Amino acid sequence: MKKVFTLILLLIAVTAFSKPKNYYVRIKTAYGTCIIRLYNETPRHRDNFIKLTKQGFYNGTLFHRVIQNFMIQGGDPNSKNAKPGEALGNGDLKYTIPAEFRDSLFHKRGVLAAARDNNPAMASSASQFYIVEGKRLTDEDLDKLIAGRLKGRKIPESEREYYRSVGGTPQLDQTYTVYGEVVFGLDMVDRIADVKKDKRDRPLNDVPMTVELLNRRECRRLDKILELK
């Protein structure tokens, strides 16, 4: 009987400390809270975001650039103590993340993606990111993008359907690394995208954030919830 009891305790302990399938972060702002699942398909970006989150790097940084029907951008270290009206967006850390483009990951509404400067390798900023609000597009819109900005690259029908029914920013596909998606609280993004802003698209009233990594128990619970959806 003691052996059985010991085995049960061991199984409980293993379950309690077992690694979840996915990692999740929570972003809190005055406009609400969202939870983001980080993609395992982009491990370098995932691990970097986790590292910075654990360090508390993002706490107090601003969503410094917001464009309605497009995206909200944050993560500039210079934004923590920025003066009102100060130009932001050029701050970064002293390294980049190699691009991790995946055919299965595209710029649908709600995805988390890495900002970057104009570099040939399309390497990502170490800290700056954006969350897509996007908009719905027609097939005509998508065909125009293919002929223009996408330079002939085809959009699979499964992605077309998503862009038609839910929305996104297909013009950014395969040029900026997508590495997560909002699974709860997407309305936060809509509220931030709707704020009044200056000519540089910086909100007139600062939108600071706090970012925290959910613990393993919370991550496992979210894995189960999302599996049932």
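With respect to being within 19 Å of residue 76 (Cβ to Cβ), over 17 Å from the mean Cα position of the chain (by Cα), of a type in the set (A, V, I, L, M, F, W, C) and loosely packed, with under 15 Cβ neighbours inside 10 Å, residue 204 fits the description.
State whether one or more residues within the range 45-57 are buried (at least 19 other Cβ atoms within 10 Å of the Cβ), among the aliphatic types (A, V, I, L, M) and in contact with a strand residue (DSSP E or B) (Cβ under 7 Å, 6 or more places away or on another chain). Scanning the range 45-57, I find no residue that is buried (at least 19 other Cβ atoms within 10 Å of the Cβ), among the aliphatic types (A, V, I, L, M) and in contact with a strand residue (DSSP E or B) (Cβ under 7 Å, 6 or more places away or on another chain), so the answer is no.
Matching residues to (1) open to solvent by 30 Å² or more (accessible area, probe 1.4 Å); (2) of a type in the set (Gly, Ala, Ser); (3) without any contact (Cβ under 8 Å) to a residue 24 or more places away in the chain:
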| site | (1), (2), (3) |
| --- | --- |
| 183 | no, no, no |
| 188 | no, no, no |
| 198 | yes, no, no |
| 214 | no, no, no |
| 225 | yes, no, yes |
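Inspection of the range 134-149 finds a residue satisfying the criterion of being touching a residue at least 12 places away in the same chain (Cβ under 8 Å), within 25 Å of residue 49 (Cα to Cα) and not β-branched (Val, Ile, Thr).
Of the residues 49, 57, 101, which is of a type outside the set (Ser, Thr, Tyr), in contact with a Pro (Cβ under 8 Å, 6 or more places away or on another chain) and modelled with pLDDT of 95 or more?
Working: 49 fails: in contact with a Pro (Cβ under 8 Å, 6 or more places away or on another chain); 101 fails: in contact with a Pro (Cβ under 8 Å, 6 or more places away or on another chain).
Just a single option satisfies the conditions, and that option is 57.
Take residue 178 and tell me if it is in contact (Cβ under 8 Å) with a residue 40 or more places away in the chain and open to solvent by 10 Å² or more (accessible area, probe 1.4 Å).
Working: in contact (Cβ under 8 Å) with a residue 40 or more places away in the chain: yes; open to solvent by 10 Å² or more (accessible area, probe 1.4 Å): no.
So residue 178 fails the test.
Reported count of residues in the range 67-86, each being touching a residue at least 60 places away in the same chain (Cβ under 8 Å) and either of a type in the set (Ser, Thr, Tyr) or under 30 Å from residue 167 (Cα atoms) (or both), is 7.
The values are calculated or read from the model by the stated rules, or taken from the named source; none is laboratory data. Values in this document were obtained by computation on a predicted structure and should not be read as measured data. FYI the Cβ positions are ideal-geometry reconstructions off the backbone, even for glycines, and counts take in every protein chain you see. Just the protein is used for accessible areas: all its heavy atoms, side chains included, with ligands, DNA and RNA removed. Shrake-Rupley method; radii C 1.70, N 1.55, O 1.52, S 1.80 Å.
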